Amino acid sequence: MRHLLGIEQLSCHDIQLIFNHAAEYKKKLKQSAGYSQVLTHQTVVLLFCEPSTRTRISFSAAAKKLNAHVIHMTANTSSLEKGETLLDTLKTLEALTADFIVVRHSESGVIHQLASEVHASLINAGDGMHEHPSQALLDAFTLQEKLGSLQGKRISMIGDILHSRVARSSAWLFQKLGAVVTFCGPRHLVPLQFEQMGVYVTHNVKKAIEGADVLDVLRMQHERQDRQSSASMMDDYVKNYRVDADKINRYAKKELLICHPGPVNREIELTSDLIDSQQSLILSQVTHGLLVRMGIFHWLSEKR
Ligand code: CP
């Protein structure tokens, strides 16, 4: 496999290899030591057709630290705007000697569909409501470092699960690593069909928080929701599902950890006091994003 398309098909062996590389890079970061130059003479193109801060900047920084030549490309200044297909764009980048193409796209599954026709290594940086594998990997890496192992740990993901690619990738990954995963939110954002992934589904926030080791709070994806209905349902959401001190004090165990993949809508899905609290792993997730993405490049460079 020369691509990273999703978590669902990724083996536990490959996950461990990526984590091993990330852990080595973390040691080097702490020691201010030099990084391996595994991407020397390699070209990495970042093709983002949706906005991004964390993913785009950390893939760019990761590739540069490994000595790649990095090219940023945005959809709205490219020939995609003139009607060129995504496949023709990818083949064009390949003809311009791209070795790795990191793609974020609004269409679910599009990167998987094109992968067999592209020789460069494709890295899925988020496709519609489908998968966001590097986010799941960095979240699991962060939690493993904090908890030792995810085996038997209870992770509740609370929020807009329906529109979340992070929820899908993370649920696959947390379960592969032995965790028990619960999805929680209002019925229109957390349909019961998600149980087919092996997770528990609840619409009762108390049940999701009680006994959980980790709350992974997810963003309200306003850009993918029906705007009228999302405005009218927001007050209900904040009252019943927002993770705040009141719910934590009433239901959570003391050692509870709080994650959020970002960007956060402060006071909507999670309150500021918790975002900035000792329980929050949010900034640690961001730093691990750099290290895990270095690990992904290293792992793929060995496969090429
Ligand atoms: N978590 C995440 O994908 O953030 P960005 O959209 O800022 O990349």
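Scanning the stretch 112-129 for residues that are open to solvent by 50 Å² or more (accessible area, probe 1.4 Å) and within 16 Å of the ligand (Cβ to nearest atom) yields one hit, M129.
Inspection of the stretch 75-92 identifies no residue that is within 26 Å of I258 (Cβ to Cβ) and within 16 Å of the ligand (Cβ to nearest atom). Scanning the stretch 243-267 for residues that are hydrophobic (A, V, I, L, M, F, W, C), within 16 Å of the ligand (Cβ to nearest atom) and free of Cβ contacts under 8 Å to residues at least 60 places away in the same chain yields I258, V264.
The set of residues in the stretch 271-283 that are within 14 Å of the ligand (Cβ to nearest atom) and out of contact with any Gly (no Cβ under 8 Å at 6 or more places or on another chain) comprises L281, L283. In the stretch 224-242, the qualifying residues are those that are open to solvent by 50 Å² or more (accessible area, probe 1.4 Å) and more than 25 Å from G126 (Cα to Cα), and the one that is modelled with the lowest pLDDT is Q228.
For the stretch 176-192, check the following and say yes or no: at least one residue is touching a residue at least 60 places away in the same chain (Cβ under 8 Å), within 16 Å of the ligand (Cβ to nearest atom), surrounded by fewer than 23 Cβ atoms within 10 Å (Cβ to Cβ) and not charged (D, E, K, R). The answer is no; no qualifying residue exists.
Counted as qualifying within the stretch 216-304 are the helices (runs of 4 or more DSSP H) with 2 or more residues that are farther than 30 Å from S11 by Cα, namely 227-241, 245-251, 272-275.
Counting the residues of the stretch 130-147 that are under 24 Å from H298 (Cβ atoms) and away from the ligand (no atom under 16 Å from the Cβ) gives 3.
Per this entry, N240 is not counted among residues that are over 30 Å from Q37 (Cβ atoms), without any contact (Cβ under 8 Å) to a residue 40 or more places away in the chain and polar (S, T, N, Q). For the stretch 45-64, the set of residues classified as touching a residue at least 12 places away in the same chain (Cβ under 8 Å) and away from the ligand (no atom under 16 Å from the Cβ) consists of V45 only.
Only one entry in I258, I209 is more than 26 Å from A22 (Cα to Cα) and among the β-branched types (V, I, T), namely I209.
The values are calculated or read from the model by the stated rules, or taken from the named source; none is laboratory data. Small disclaimer: the values here were computed from a predicted structure and weren't measured. All Cβ positions, even for glycine, are placed from backbone atoms using ideal geometry, and neighbour counts span all protein chains on display. Side chains are part of the model used for accessible areas, which takes the heavy atoms of the whole protein and leaves out ligands, DNA and RNA. Shrake-Rupley method; radii C 1.70, N 1.55, O 1.52, S 1.80 Å.
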